[in-house]
Amino acid sequence: MTAKRPAILVVNDDGIFSPGIRALALALAEVADVVVVAPDVEQSAVGHGITIRRPLRFKHTAAAGFGDLPAYRVDGTPADCVVLGVHLLGQPDLVVSGINLGLNLGDDLTHSGTVAAAIEGLAMGVPALALSQQGSPGGEYTFGASAAYAARLARRVLQEGLPPRVLLNVNFPHGEAAGVRVTRLGEHHWKDSLLTRQDPEGRDYHWVAGVSTAPDAADLGTDYGAVHAGWISVTPVRLDLTARDLLGEVASYVPDI
C-alpha cells in the first residue's frame, strides 16, 4: 500500500500571478499534494483582515502557470484565502505563505498579509510557514534557491511538526545565502510620514510613506541583521501576545470595580 502524501495549502499576499507563489508551489509539489489559493490582486500590508461585510468569490484559475496543480483565486485578503481554502478544499497538513516579494522583518509582522495568512492557518489548527524574499538592489527577484529550501523546510516540518501556536517566519537574502540562522525578531520598523498633495480640482489627498529603521541592524541574532548579512533567517513566532513578565506589575495598580 502506498502511503498517502501530505497536503499543503499555498497562499500569499502578492496575488495569484506573482512569480514567488508559482516557484514555491511547484517546489512544494515535490514533497506533498499542493493546492494554491491566493488573492486575485495584490493585498500587501493588509494585515489579518477578514472579509465579513460582503460575499467572496472563489474561482479556479488555469492561467497562472501552476501546471497541473489546482489553483484558485479569491477576491479577498490572504486570511480569507486560508479560510476558504480550508473549508472548501479540506484541512491541509501545512499552510505555506509566500514567497513574498520583499522582506517581512521585526514590526512588519503586525501588518504583513504574508504572515497573517500563516497566523490564520495556526488559528485553524494547521502548522504554518511564512516566507519572504529580499530583492536585489535593482529590484529583481530570483526564487529558485529559496523555493528549494522552502521545500526542504516544509518536508522537515511535516515530519517533525511545530509547537502549538508557533509559526516559522523565514526571510531569504538576495543572491547566494551564506547559511541559515535561527533568529529573534529585531527592532526593525517603519517611521511613518504623511505626504499631502492636491488633485486637479484642488482637493487634498494623502500618501502614507515611511523610512525603514533598524537600531539593531548589526546584530546577527536578529532577523534583520542576519538577512542583510546574507543569511537565511528563520524566526519562530508564538501566537501569544501576553506580556507575561508584567502580569504581577499590572495587577498591582489596576483599580478594582
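A few remarks follow.
- Ranking V96, H206, V170 by how far each Cα lies toward the positive end of the dipole of the chain (charges on Cβ) leaves V96 at the top.
- Over the chain, relative contact order from alpha-carbon pairs under 8 Å, at least 6 apart, %: 17 percent
- Taking the average, over residues, of other Cβ atoms within 10 Å as the packing measure, peptides 30-36, 136-142, 216-222 rank 30-36, 216-222, 136-142 from highest down.
- When peptides 51-57, 87-93 are ranked by their average number of other Cβ atoms within 10 Å per residue, the highest-first order is 87-93, 51-57.
- Overall dimensions of segment 137-221 as given by Cα atoms, namely Rg and Dmax in Å: 19.5, 61
- Segment 104-213: relative contact order in percent, alpha carbon pairs under 8 Å with at least 6 residues between: 29 percent
- Neighbourhood charge, 13 Å Cβ-Cβ cut-off, centred on E187 and excluding it, Lys, Arg +1 and Asp, Glu -1: -3
- Sequentially through segment 55-68, phi angles give Karplus couplings (6.51, -1.76, 1.60; θ = phi - 60°) of x, 10, 9, 10, 10, 5, 10, 9, 10, 9, x, 8, x, 7 Hz, Gly and Pro residues having no value and appearing as x.
- Local charge for P78 was computed over the other residues whose Cβ lies under 10 Å away, with Lys and Arg +1 and Asp and Glu -1, and equals -4.
- Cα centroid of segment 223-257 to Cα centroid of segment 152-220, whole Å: 16 Å
- Phi to ³J(HN,Hα) by Karplus 6.51 cos²θ - 1.76 cosθ + 1.60 over segment 237-252, Hz, x for Gly, Pro: 10, 9, 8, 8, 8, 5, 7, 4, 6, 9, 4, x, 4, 5, 4, 6
- Value of Rg/Rh across the chain [Cα atoms, Kirkwood radius]: 1.01
- Using alpha carbons only, the radius of gyration of segment 1-119 set against its Kirkwood radius gives Rg/Rh = 0.96.
- Segment 59-139 - percent of accessible surface contributed by carbon and sulfur, probe 1.4 Å: 51 percent
- Shown in residue order for segment 20-35 are the 3J(HN,Hα) couplings computed by the Karplus curve 6.51 cos²θ - 1.76 cosθ + 1.60 at θ = phi - 60°: x, 6, 5, 4, 5, 4, 5, 5, 5, 5, 6, 10, 6, 7, 10, 10 Hz (x for Gly and Pro).
- Charge dipole of segment 115-257 about the Cα centre (unit charges at C-beta), most positive-ward option of L239, L158, L131: L158
- Accessible area per residue for segment 183-257, computed on protein heavy atoms with a 1.4 Å probe, is 73 Å².
- For the chain, adding -39500 (n - 2.57) for each run of n ≥ 4 DSSP H residues and dividing by the number of residues yields -7500 deg cm²/dmol at 222 nm.
- The candidates E201, E120, arranged from most to least accessible area with a 1.4 Å probe in the full protein assembly, appear as E201, E120.
The values are calculated or read from the model by the stated rules, or taken from the named source; none is laboratory data. Just so it is clear, the model here is predicted, and its values are computed rather than measured. Methodologically, a virtual Cβ is constructed for each residue, glycine included, from the backbone with ideal geometry; neighbour enumeration extends over all protein chains shown. Just the protein is used for accessible areas: all its heavy atoms, side chains included, with ligands, DNA and RNA removed. Shrake-Rupley method; radii C 1.70, N 1.55, O 1.52, S 1.80 Å.
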